[in-house]
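Beneath this line is the structure, given in structure tokens, with notes to follow.
The values are calculated or read from the model by the stated rules, or taken from the named source; none is laboratory data. Owing to the predicted nature of the structure, the values given are computational and were not obtained by experimental measurement. Cβ placement follows ideal geometry from the backbone for every residue including glycine, while neighbour counts extend to all protein chains displayed. The protein model used for the area step is the full one, side chains on, heavy atoms only, and it has no ligands, DNA or RNA in it. Shrake-Rupley method; radii C 1.70, N 1.55, O 1.52, S 1.80 Å.
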Amino acid sequence: MMMLLIPLFPFLGFLINACIGKRLSKSASGLVAVAVMVASFAVAVTSVIQLAGLPEESRAIVNRIFTWITAGSFTADFTLRLDPLSALMILVITGIGSLIHIYSTSYMHDEPDSEYARYFSYLNLFASFMLILVLGSNFLVMFVGWEGVGLCSYLLIGFYYTKKSAADAGKKAFIVNRIGDFGFVLGVLMLFVKFGSVDFQEIAHQASMLSPELVFGTVSMATLLLFVGATGKSAQLPLYIWLPDAMEGPTPVSALIHAATMVTAGVYMIGRNAVLFSVAPDTLMVVAVVGAATAFFAGTIGLVQNDIKRVLAYSTVSQLGYMFLAMGVGAYTAGIFHLYTHAFFKALLFLGSGAVIHALSGEQDIRKMGGLKDKLPITYWTFLIGSLAIAGVPGLAGFFSKDEILFKTYAGGHTLLWIVGMLTSLMTATYMFRLVFLTFWGESRTPAAAHDAHGHGHDAHGHGGHGSHLHDAPKPMAFALIALTVGSVLAGYIGLPHALGGSNRLEKWLEPSLTAPHVVASAAEATRSMEPTEAAAPVVTEHGGAGEQAESTSVELGLMGLSSVVALSGIGIAWFFFVADPRRAESVAQSFSGLRTVLLNKYYVDEAYDAAIVQPLKIMSERVLWKVVDANGIDGAVNGAAESVGGLGELLRRLQTGSVRAYAASLLLGAVLVLGYYLSR
């Protein structure tokens, strides 16, 4: 039952803080939340070590918890499965999640005691659901985690529920994700009809015996519906609109949910079903095109945003597009590799932005920053390294994963998508270093009015800051920043490509999870807790001759050099416009004021949704369904019936006058009428 402890520990933390957190001190509440995450991480590491000790052909550990659903011949167990792919995910979730919890103990310290406990209860619950999502051995268990993280995302985005924009952002995230989840459910139902199972291994086994669909068939439709769910959860066109608004939640929430974990659920889902998606090449092309379009689209918006967190939000949407581009061209390992490295440097960047906001008493507008390099040295250097990593500078984590995506895209013959990816890479480096230069370089542009007379202030959400006396990140926050910085530097080396003398150990590690299993574990085998089961078949890689390998290596090295030049060029562009002579940026903005306005307003997508969907629904709801159907129709019928009964009662009430003479007269009248009736016969 060791594997069950991985999600169970965070759930225990949720129960403690949710039930008795109000009676605990902040130190105790934070300690509980951090302790359960660290315990979960320790169990995860132990389980992964055990997994690594198994033979490659049987590298999987299955833990059947209980029989969940039985209907006729159909049975669905609540089963957790650890294999190389889920092993990577649980290390990211528990490892980076622990660092974010540690960071939060300081960042959220000025919250009231009850709010502090509520925050950590939500954060622990989220981690528990996310772990269930990646450990689930079938679609139904995955869906429990899938919906659970959606619920926690709503709770954490709308954490400051008294603030209307935060409450609206939470509702927006919840509703948009429900739209995507509707497609996800339909896809799962189609797969059940097609394969008679919802188990990942069983579906992969059957799918591996199918030929790729040359026309859009059942598998293509089912996988496309699954991808609809992924576009909602992982913020892709057209369902990306919730993620930028999700920045209304506390900054550590952005780091955990919207950088390192939940938003990668869609990418993970496709990787988990790589064999299935490989049978549907048309769906994969849709995935690749949507991913590339999202990466470019979000990158252009990120160029002009002025809120430090929103720049990072659009960067996240763009990088998620990169991951889907990889999945769509069949480079599943490359997509998971970028998911893994991105978790480090994007979590680092969000937490770094939180340290800046904390120091500036809640200020988030980069136009009101500047000159922070020397005042916040730990924050600056860690943020700088994270920016270099996401820009794709050689030697850092982002370079290796991003380059592999671009290389596999180019090698697959998708030249147009590769060009889009390269342009997005240029924009990434540009907007990230625009952010670095405007935030940390130059003269300070922080208004004195942002600080109160005591030199202390509170940000928009009530967090304590230190106004006129700027201070760097406190120790818990600094520890998390430094640890993530180390990851942003070193994480890429587990995927060091052959072209640079490496063996791409990550690709070899993930192979069993991304290929078809020889034999699917039986129900009896699944009941053996923590026992190895038959996993994926060994992958037989066809190597070309020495000449072909040398040519491939030279192409890869050439593309690496080009992507390095692109990354450095983006940094140079940012320096040219925002450091060398900031007036150049103003001049360009004036020359392209129309385009800049469109980008500042995010292509008016929210306005288009509002005009095309929200307002018509409101009009239909208010003017038709409420005033006509509900008020006049339903209420009219109910009220009309009530009025009819009331009117009849009013008439009958007149017969009960209480007058003895009236009753005697009525008796006499009745007697006369009866007598008259008989006499008339």
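Quick notes
- Subset of region 615-663 (residues that are among the polar types (S, T, N, Q) and either surrounded by 12 or more Cβ atoms within 10 Å (Cβ to Cβ) or at positive phi (or both)): Ser621, Asn632, Asn639
- Region 49-90: number of residues that are within 24 Å of the chain's Cα centre (by Cα) and in a helix (DSSP H, G or I): 7
- Close Cβ contacts (under 7 Å, 6 or more residues apart or on different chains) running from residues in region 220-243 that are part of a helix (DSSP H, G or I) to residues that are of a type in the set (Lys, Arg) comprise Ala222/Lys194; Trp242/Lys172.
- Matching residues in region 152-174 - criterion: being assigned to a helix (DSSP H, G or I) and free of Cβ contacts under 8 Å to residues at least 60 places away in the same chain: Tyr154, Leu155, Lys164, Ala167, Lys171, Phe174
- For region 307-335, taking the residues that are in contact with a Pro (Cβ under 8 Å, 6 or more places away or on another chain) and open to solvent by less than 10 Å² (accessible area, probe 1.4 Å), the one that is nearest to Thr218 (Cα to Cα) is identified as Val317.
- Among the residues making up region 66-112, those that are among the small types (Gly, Ala, Ser) and more than 18 Å from Asn138 (Cα to Cα) are Gly72, Gly95, Gly97, Ser98, Ser104, Ser106.
- Note on region 299-330: among residues that are in a helix (DSSP H, G or I) and of a type in the set (Val, Ile, Thr), the one that is farthest from Met427 (Cα to Cα) is Ile308.
- Taking the criterion of being among the β-branched types (Val, Ile, Thr) and either in contact with a strand residue (DSSP E or B) (Cβ under 6 Å, 6 or more places away or on another chain) or open to solvent by less than 10 Å² (accessible area, probe 1.4 Å) (or both), the residues of region 267-278 that qualify are Val267, Ile270.
- Comparison of Val289, Val263 shows that the only residue that is of a type outside the set (Gly, Ala, Ser), open to solvent by 10 Å² or more (accessible area, probe 1.4 Å) and more than 19 Å from Val185 (Cβ to Cβ) is Val289.
- Taking the listed residues Leu24, Leu31, the one that is over 27 Å from the mean Cα position of the chain (by Cα) and either surrounded by fewer than 24 Cβ atoms within 10 Å (Cβ to Cβ) or of a type in the set (Lys, Arg) (or both) is Leu24, with no other qualifying.
- Qualifying residue in region 101-111 (condition: open to solvent by 30 Å² or more (accessible area, probe 1.4 Å) and of a type in the set (A, V, I, L, M)): yes
- Comparison of Leu125, Leu91 shows that the only residue that is of a type in the set (A, V, I, L, M), surrounded by fewer than 24 Cβ atoms within 10 Å (Cβ to Cβ) and touching a Cys at 6+ places or on another chain (Cβ under 7 Å) is Leu125.
- Single match in Leu376, Leu360, Leu339 (criterion: open to solvent by less than 10 Å² (accessible area, probe 1.4 Å) and farther than 26 Å from Leu470 by Cα): Leu339
- Pair list, Cβ under 8 Å, 6 or more apart: region 137-151 residue over 21 Å from Ala204 (Cα atoms) and of a type in the set (Asp, Glu), other residue open to solvent by less than 10 Å² (accessible area, probe 1.4 Å) and in a helix (DSSP H, G or I): Glu147/Asp181
- The condition of being surrounded by fewer than 24 Cβ atoms within 10 Å (Cβ to Cβ), closer than 26 Å to Leu351 by Cα and over 18 Å from the mean Cα position of the chain (by Cα) holds for Val304.
For (1) closer than 29 Å to Lys402 by Cβ; (2) at pLDDT 85 or above; (3) not aliphatic (A, V, I, L, M), each residue gets a yes or a no:
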site: Tyr431; (1), (2), (3): yes, yes, yes
site: His456; (1), (2), (3): no, no, yes
site: Pro474; (1), (2), (3): no, yes, yes
site: Ala483; (1), (2), (3): yes, yes, no
site: Val486; (1), (2), (3): yes, yes, no
site: Leu500; (1), (2), (3): yes, yes, no
site: Glu507; (1), (2), (3): yes, yes, yes
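- Taken over region 493-516, the residue count meeting the criterion of being open to solvent by less than 70 Å² (accessible area, probe 1.4 Å) and assigned to a helix (DSSP H, G or I) is 11.
- Restricted to region 547-565, and to residues there that are small (Gly, Ala, Ser) and out of contact with any helix residue (DSSP H, G or I) (no Cβ under 6 Å at 6 or more places or on another chain), the residue that is modelled with the lowest pLDDT is Gly547.
- The residues of region 41-75 that are touching a residue at least 24 places away in the same chain (Cβ under 8 Å), of a type in the set (A, V, I, L, M, F, W, C) and open to solvent by 70 Å² or more (accessible area, probe 1.4 Å), listed by number, are Phe41, Trp68.
- Residue in region 413-425 that is open to solvent by 30 Å² or more (accessible area, probe 1.4 Å), in contact with a Lys or Arg (Cβ under 9 Å, 6 or more places away or on another chain) and within 25 Å of Val486 (Cβ to Cβ) present: no
- Put simply, of Phe344, Phe399 the only residue that is of a type outside the set (S, T, N, Q) and either open to solvent by 20 Å² or more (accessible area, probe 1.4 Å) or touching a strand residue (DSSP E or B) at 6+ places or on another chain (Cβ under 7 Å) (or both) is Phe344.
- Taking the criterion of being closer than 18 Å to Met2 by Cβ and touching a Phe, Trp or Tyr at 6+ places or on another chain (Cβ under 9 Å), the residues of region 60-76 that qualify are Arg64, Ile65, Phe66.
- The set of residues in region 356-391 being assigned to a loop (DSSP other than H, G, I, E, B), touching a residue at least 60 places away in the same chain (Cβ under 8 Å) and of a type outside the set (Ser, Thr, Tyr) consists of Leu360, Gly362, Glu363, Gln364, Met369, Gly370, Gly371, Leu372, Lys373, Lys375, Leu376.
- Restricting region 194-217 to residues that are assigned to a helix (DSSP H, G or I) and closer than 18 Å to Phe227 by Cα, the residue that is most open to solvent (accessible area, probe 1.4 Å): Lys194
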